[in-house]
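The values are calculated or read from the model by the stated rules, or taken from the named source; none is laboratory data. The structure presented is a predicted model; accordingly, all values stated were derived computationally and were not measured. All Cβ positions, glycine included, derive from the backbone under ideal geometry; neighbour counts span all protein chains shown. Ligands, DNA and RNA are excluded from the accessible area calculation, which covers all protein heavy atoms including side chains. Shrake-Rupley method; radii C 1.70, N 1.55, O 1.52, S 1.80 Å.
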Amino acid sequence: MHLMKDLYINDLKTGQEVVSYFIVKNSTIKVGSNKKAYLDLLLGDCTGEISAKKWDIADEEIPGLERIKEGTVIKVKAVVTEWNGMKQLKVTRIRLTGAEDNLDMTDYIKAAPEKPEDMYDYIYGRADAFEDEELRTLCTGILKNSKEKLMYYPAASKNHHAEMAGLLYHIKRMLLMAENVCKVYTNLKKELLMAGVIIHDFQKLTEIESNEMGVSPGYSFEGKMLGHLVLGVRELEKLAQEQGMSREKAVLLEHMLISHHYEPEFGSPKKPLFPEAEMLHYLDMIDAKMYDMEEAVAGTEPGQFSERIWTLDNRTVYRMEE
C-alpha cells in the first residue's frame, strides 16, 4: 500500500502549517544579503509548483542538503507564506525519502492529460498525410528521430507545459487550432502552417534538460548559450540540405522558427514576414496563455481570484462559481 500524499500544492493556504512530500524540481544553495547560506527550492506535485526556502542554514547542514537533487522526493515541514503576491514555503525541517516511504510517484509527477503515445500518433498521422513531399519528409523524420524523448519531455523548465509529455501536448493543441484556423483564413497554406507548428519548438529537446519523469532542472549549455530558436534554425538548415529541400521553402520554415517569439527580448531577431509565420506566433501564444489560465483556475476556489501569475503579466485570474 502506498503512502497517501498529505497536502497538494493547489490546496495550500497562506499561513498554513505543512508537513508533506514534494518532488524537487530545482535545488540550489545560495548566500543571502545577510551573508548567510540558504536553500532555494522549486517543489512540485501533480497539481503544480511552489517556491520554497530554508533560511540561515548552518555549515554542518550543507553536505546533507547538497544531496537534495532534482527528481528526488523530500518530506518537508513548513509554513505557507506570501512573497510578491505568490505563495511560498518557509521550510523548517527537511529530509530525503527512501523505499520505506512507499510513495506513489503519480502524486508527484505533473503530466499532460493525454497519453504520450496517443498524442504522438495524432501528430505523426497529420505529418504523414501531407501532400507536400518535402514537408512530409522533414516533419516525419524529425518526429521519428525525436520519438523517445517526446514521450516524456516538457515544453519548458517551468511555466507553461512544464510537465511530463508537455511538449507533445503543446504541439497537438496547436495543430488542432491550425487546422481549424485555416477554415477561416483560407489564404493560409495549411500544410506550411502545420509544419511550422510541428517543428517550431523541436530543439527544446536540446535546450532543456529533463529526466524521464519530465522534471527539468534547467537548461543545457547549448540552451543557455544559443536557445532553441538558434539551435532549431541550425539543425533545420542541415536537415533541409540533406533531403534536398527547395531553398525558398527551407528559408520560409527557418523564418517561421526564428520569428515565432515575435519580440527581440523573447529571442526573435525578426518579426514574422508572411501570414503563416504570423499565425504560428499567435497559435503559440494562445496555447501558452490558455494553459496558464487553466492552471490558475484549477488552483483557485470558485468565486475567488488566483494569486498573481507572473506569465500573465502578474494578473490574478477569476474562477467562476459553478
* To do: Could you tell me whether Asn159 is modelled with pLDDT under 95, surrounded by fewer than 21 Cβ atoms within 10 Å (Cβ to Cβ) and at positive phi?
  => yes
* For the range 186-201, which residues satisfy the criterion of being touching a residue at least 12 places away in the same chain (Cβ under 8 Å) and over 24 Å from the mean Cα position of the chain (by Cα)? -> Asn187, Leu188, Lys189, Lys190, Glu191, Leu192
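If you take the residues in the range 2-48 that are at negative phi and among the basic types (Lys, Arg), which one is modelled with the highest pLDDT?
Among residues in the range 2-48 that are at negative phi and among the basic types (Lys, Arg), the one modelled with the highest pLDDT is Lys30.
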* Evaluate the following for Val197: is it more than 16 Å from Ile123 (Cα to Cα) and among the aliphatic types (A, V, I, L, M)? => no
* Structure fact -> Restricted to the range 264-322 and to residues being over 19 Å from Ile171 (Cα atoms) and small (Gly, Ala, Ser), the residue farthest from the chain's Cα centre (by Cα) is Gly303
* **Any pair with Cβ under 9 angstrom, 6 or more apart, that starts in the range 172-185 at a residue that is within 12 Å of Met279 (Cα to Cα) and ends at one that is surrounded by fewer than 20 Cβ atoms within 10 Å (Cβ to Cβ) and among the β-branched types (Val, Ile, Thr)** => Met174/Ile286; Met177/Ile286
* Would you mind stating whether Tyr262 is open to solvent by 10 Å² or more (accessible area, probe 1.4 Å), hydroxyl-bearing (Ser, Thr, Tyr) and part of a loop (DSSP other than H, G, I, E, B)? => yes
* Given the structure, is Leu236 more than 30 Å from Thr81 (Cβ to Cβ), open to solvent by less than 20 Å² (accessible area, probe 1.4 Å) and not polar (S, T, N, Q)? -> yes
* Grab the helices (runs of 4 or more DSSP H) fully contained in the range 49-154, keeping just those with 1 or more residues being open to solvent by less than 30 Å² (accessible area, probe 1.4 Å) and either modelled with pLDDT of 90 or more or in contact with a Phe, Trp or Tyr (Cβ under 7 Å, 6 or more places away or on another chain) (or both). => 116-128, 133-150
* To do: Can you run down the residue pairs with Cβ atoms below 8 Å, 6 or more apart or on separate chains, where the first is in the range 220-235 and over 17 Å from Pro269 (Cα atoms) and the partner is assigned to a loop (DSSP other than H, G, I, E, B)?
  => Glu235/Phe202; Glu235/Gln203
* Asked: Do you know which residues across the range 202-218 are open to solvent by 10 Å² or more (accessible area, probe 1.4 Å), touching a residue at least 40 places away in the same chain (Cβ under 8 Å) and of a type in the set (Ser, Thr, Tyr)?
  -> Ser210
